Each structure stands twice: as structure tokens, then as C-alpha cells.
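Chemist: I'd like to ask some things about the structure below.
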Amino acid sequence: MNTLLRTLLYEWGQRKLPSIIGRDIHIDTSLQKGTNNATVVTGFRRVGKTYLLYEAIEKLLVTHSREEVVYINFEDERIITPTTEMLTDLISEIQTVYGKKPKYLFLDELQLVPNWSKWVRRILDTESIQIFITGSSSKMSSAELPTELRGRAWEMSVHPLTFAEFLRFKQIIIDVKKIAFVKEEAARFYFLFNEYLLFGSLPAVVLTSAEKKQELSQSYFQTVVQKDIAERHKTENDTALKTLLKLLLNSSYITISKLHNSLKSMSIPVGKSTINNYLSYIETSYFMKELYIYSPTIINQLQYPRKVYFIDTGFMTALSTKFSKNMGRLFENLAFLTLSRTNETIYYYKDEKGNEVDFAILEGGKTTSLYQVCFDLTDEETRTREIRSLTKAGVTLHCANLYLLCLEKTGSYDLHQEIKIISAAEFF
């Protein structure tokens, strides 16, 4: 008998679901004909995965009983060490407590349990139960899913709030069409976009008061460092890990050698292989993404510096000393997050003369679009440099779709080529 499991199940039977603000993404609970696949909901900690489960559960409870729709959170602090035996006992314990097997099973942070994927595969093969799983590690993504679940799981990626969702959470409506010619509407947009840019778009941070936003972001960061990186990967050098994260937050470009030298200068002894492992762990937690250089003439991309972007700009404001007031850096990070939602293959481009383009979108090995990000286009020298790099890259990469993303369109420019200027209001 698993006493803790029974306690959790009894509590679930009486539990009231929290109020939910709808997002633009929803979990599909309909049964797909001819398949019995698990739905795996992945994403960074605190992006709202659990609330998407609650929303799906709430809809199911309109036509099903609590006994048929069961939820377990494996991050419950009472589950000190999640074990495989808990999963082995789960279905029988549900039958004991509720008198029947569930039709829908929602399992939060299941990756904490050893051999979870083998158990899920067995249930899919032997039971008529729809399974929904969340995880805060990219090890649960379709690219890294354990062998036994390949072809047996649908992945749903969850990100921080889009700007449209951000406005919904704040219960504000902005008419995008009026921003260009109604001063009051433009002022409202820029005020709110400034908040979105500075403090990020994790749901709870958006809903909390202005004076508590940075504190909450810092708290989330500490949880990620401790639970999703240090504990999960059993890192041995906490000082090196925390210092490395601070270096990353204050860097636009990184190389292993540069990071190694920086740590060495701080008298933190750590090998290059360890740094490389730590970078992998940080990416696995969804906290950071490295962007590699793209060029048809470059064979080994690993020899070149990588750009780094973070899952939420609020972390950069709350934790970085260098970028707290660098709106251009925050703006570029936000542009990357938006583009990466709908484009799988993104690089940055730089030619032999140093002309750089922020984002090159590739499909089928060909460059389909190029994006240059410039927060403020009013400076003529900056504008000329960004346009020159974009046009040269367009010719070299045979790409006709050139975009210049800026905060707002001011004036008209002779671009000498078909470059589309996009304002923040249009893009986000």
C-alpha cells in the first residue's frame, strides 16, 4: 500500500481548481483515431504548463467525474524521492481509492520519476487511458524523448506569454491599427511594451505588482539553478555553475575558451569539458539557447563564437549587471524568442568583413528570410550599418526576404533594396 499516493488521490477528489486565464494554446484531449499516444507538454519552469493541464481538466470535468480524470504533481514537497514503485502502484491505487480506473491521467513533472518513460509505454500498450505529461527538461522533447516513446507521444511546447496574451492577462485591449496615428493609443502601447520588455512574460510575474516583479524573477532563477540544473545533474562545483550563469547573462557572445579564461581569472578552477557540460545542463532546463553562426563556407561552427539568448527578458533585467538598461539587447532577445516559436532552424550570419545579420531563417538548407533587429533607427550611422549588413547578406545568401525590426517607424529611408521595416507593434 502506498500511503502517500492514496493521500494525494483523496486530496485530488476534493480539490478546487484555481481560476484560469485562457491562452492562445490549449491541450487537445480528443482521442486520435488509430493511436493511443501520450501528450507531452514541455517548457521552462513557470511558463504555465500546469495551468494548461488545469484548463484541460476543467473542460473534461463538464462531462466526466473526478474519478475518471486524475491529476498528480510529482513536485509535491511530500514526495521526497519519487520512485518507480509509485508509478507501478498508481493505477491499482486509483482503483482502490475511486473504485475504477481513470480515463484521463495528468502527471505533472513526471521526468522526476526513474523509468517514467517505460511505465508510460506499458500503460499505453495495456490500458485505455489517455496520458498527459509535463516536464521542465528538454530531455522530454520530441528530439530527445526516450526510445520507448518514439512515435508514441505528441509534444506540445509551451513558452512565456506572447504580447497578445500579456495584454489579456492584464485585461487590456489595444487597437493595433490606431497606434500609428492616435497618440494616446501609441503611448499606451509603448508603456505596456516597455513593461513586457523589461520584466518579461512569465505568467505570475506579469500578474504580480511592479515592485515585486524582479524579486519573483530572482526567486524563479534560484529554483531553476537548484532543482533543474544542480540537483537534476548532480553538479559538484556550485560556485563555478553560479558564476558561469552570471557570465552568460552578461554576454552577447560566448566561447568555451573565453568562459574558461574568465573563470580562471576569478580563481575558479574548472575544466573546459565541465564548462561544456554545464552549458548543456543550462540549455536542457530551457533557460538559455545558443545560436550558432551560419555561412556556406564555414565547416566547423563550433570554432566560432555563439550568441546566447534567454527564455525570458525578465531574468536579464533582474540578474544581469550589464544589460539591465540595454533596451537593444532585450529587444533582440525578445525577437529571437518570437522567431524561434515558429522557426526550427535559426542562425546568425557574419561575413569575412564583419558585416552581421542577427537572424537567418533556414528551410531545407536554404535561407528563406533575414532579420536585422535595431531598437532605435533614428541614428543615421547605426541605420546605415544595419542596412548595409542586411543587403550584403541578402545578396550573398540569395535571400530576397529582408526585414528590419525596430521599436517604431520614424521617417522614410531610401533602402536601395526591398527591405521591409517592421515596428514592434506589428511584429509582436
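Chemist: By how many nm would the segment from residue 290 to residue 207 lengthen if fully extended, with 0.36 nm per residue of separation less the alpha-carbon distance?
Modeler: Working: separation 83, 0.36 × 83 = 29.88 nm, distance 2.91 nm.
Once the chain is fully extended between residue 290 and residue 207, it gains 27.0 nm.
Chemist: Further, regarding this structure: Multiplying the sequence separation of residue 378 and residue 344 by 0.36 nm and subtracting their Cα-Cα distance, what value in nm do you get?
Modeler: On the way: separation 34, 0.36 × 34 = 12.24 nm, distance 3.21 nm.
Gain in length upon complete extension: 9.0 nm.
Chemist: Take the alpha carbon gyration tensor of segment 273-379, find the square roots of its eigenvalues, order them as a ≥ b ≥ c, and report rounded if a/c is under 1.5; if not, report prolate when a/b exceeds b/c, else oblate.
Modeler: Values: a/c = 1.57, a/b = 1.12, b/c = 1.41.
Note, shape of segment 273-379 comes out oblate.
Chemist: Short version: ³J(HN,Hα) in whole Hz for each residue of segment 329-345, in order, from phi by Karplus 6.51 cos²θ - 1.76 cosθ + 1.60 (θ = phi - 60°), x for Gly and Pro, what are they?
Modeler: 5, 5, 5, 5, 4, 5, 5, 4, 4, 5, 5, 6, 5, 10, 10, 7, 10
Chemist: Can you pull out the chymotrypsin sites (Phe, Trp or Tyr not before Pro) in segment 181-288 that DSSP calls coil and that have at most 13 other Cβ atoms within 10 Å? Show your work: numbers first, answer last.
Modeler: Numbers: sites: 181, 189, 190, 191, 193, 196, 199, 220, 221, 253, 278, 281, 286, 287; in loops: 181, 286, 287.
Within segment 181-288, the qualifying chymotrypsin sites (Phe, Trp or Tyr not before Pro) (loop, at most 13 other Cβ atoms within 10 Å) are 181.
Chemist: Given a 1.4 angstrom probe, I'd like the percentage of the accessible area of segment 293-401 that is carbon and sulfur, rounded to a whole number.
Modeler: Carbon and sulfur atoms account for 47 percent of the accessible area of segment 293-401.
Chemist: Next question, about the same structure. Could I have the simple spin-label model distance between residue 33 and residue 4, label points 7 Å from Cα toward Cβ, reported in nm to one decimal?
Modeler: It is 4.4 nm.
Chemist: Under 25 Å from the Cα of residue 258, which lysines turn up, not counting those fewer than eight places away in the same chain?
Modeler: Residue 258 reaches 234, 242, 246, 272, 289, 307, 322, 325, 350, 353.
Chemist: By DSSP, what percent of the beta bridges with both residues in the chain are antiparallel, rounded to the nearest 5?
Modeler: 35 percent
Chemist: Probe of 1.4 angstrom, ligands and nucleic acids ignored: what's the accessible area per residue over segment 240-281, in square angstrom? Provide the component values of the computation, followed by the final result.
Modeler: On the way: 2010 Å² over 42 residues.
With all protein chains present, segment 240-281 gives 48 Å² per residue.
Chemist: Okay, next question. With each pseudo-label sitting 7 Å past Cα toward Cβ, what's the residue 118-residue 100 distance in nm, one decimal?
Modeler: Taking the two extended label points, one gets 3.2 nm.
Chemist: Between residue 363 and residue 25, what is the spin-label point distance in nm, taking each point 7 Å from the Cα along the Cα→C-beta axis?
Modeler: If labels sit at residue 363 and residue 25, their model points lie 2.1 nm apart.
Chemist: Another question, if that's okay. Quick one: if the Förster radius is 25 Å, what FRET efficiency do residue 396 and residue 142 give, using the C-beta to C-beta distance and rounding to 0.05?
Modeler: Working: r = 33 Å, r/R0 = 1.32.
That pair, residue 396 with residue 142, gives E of 0.15.
Chemist: While we're here: From the backbone phi of segment 67-76, what are the Karplus-calculated ³J(HN,Hα) couplings (6.51 cos²θ - 1.76 cosθ + 1.60, θ = phi - 60°) in whole Hz, Gly and Pro given as x?
Modeler: 5, 8, 10, 10, 10, 10, 9, 7, 9, 3
Chemist: Further question: Could you state the angle between the C-alpha long axis of helix 238-249 and the longest principal axis of the C-alpha atoms of the chain, as a value from 0 to 90 degrees rounded to the nearest 10?
Modeler: Value to nearest ten degrees: 40.
Chemist: Could you name the lysines whose alpha carbon sits less than 24 Å from that of residue 178, not counting residues in the same chain fewer than 8 places away?
Modeler: The qualifying lysines are 170, 409, 420.
The values are calculated or read from the model by the stated rules, or taken from the named source; none is laboratory data. Just so we're clear, the structure is a prediction, and the values are computed from it rather than from any experiment. Here the Cβ is made from the backbone with ideal geometry for all residues, glycine too, and neighbour counts use every protein chain on show. To get the accessible areas, we keep the full protein, side chains included, count just its heavy atoms, and leave off ligands, DNA and RNA. Shrake-Rupley method; radii C 1.70, N 1.55, O 1.52, S 1.80 Å.
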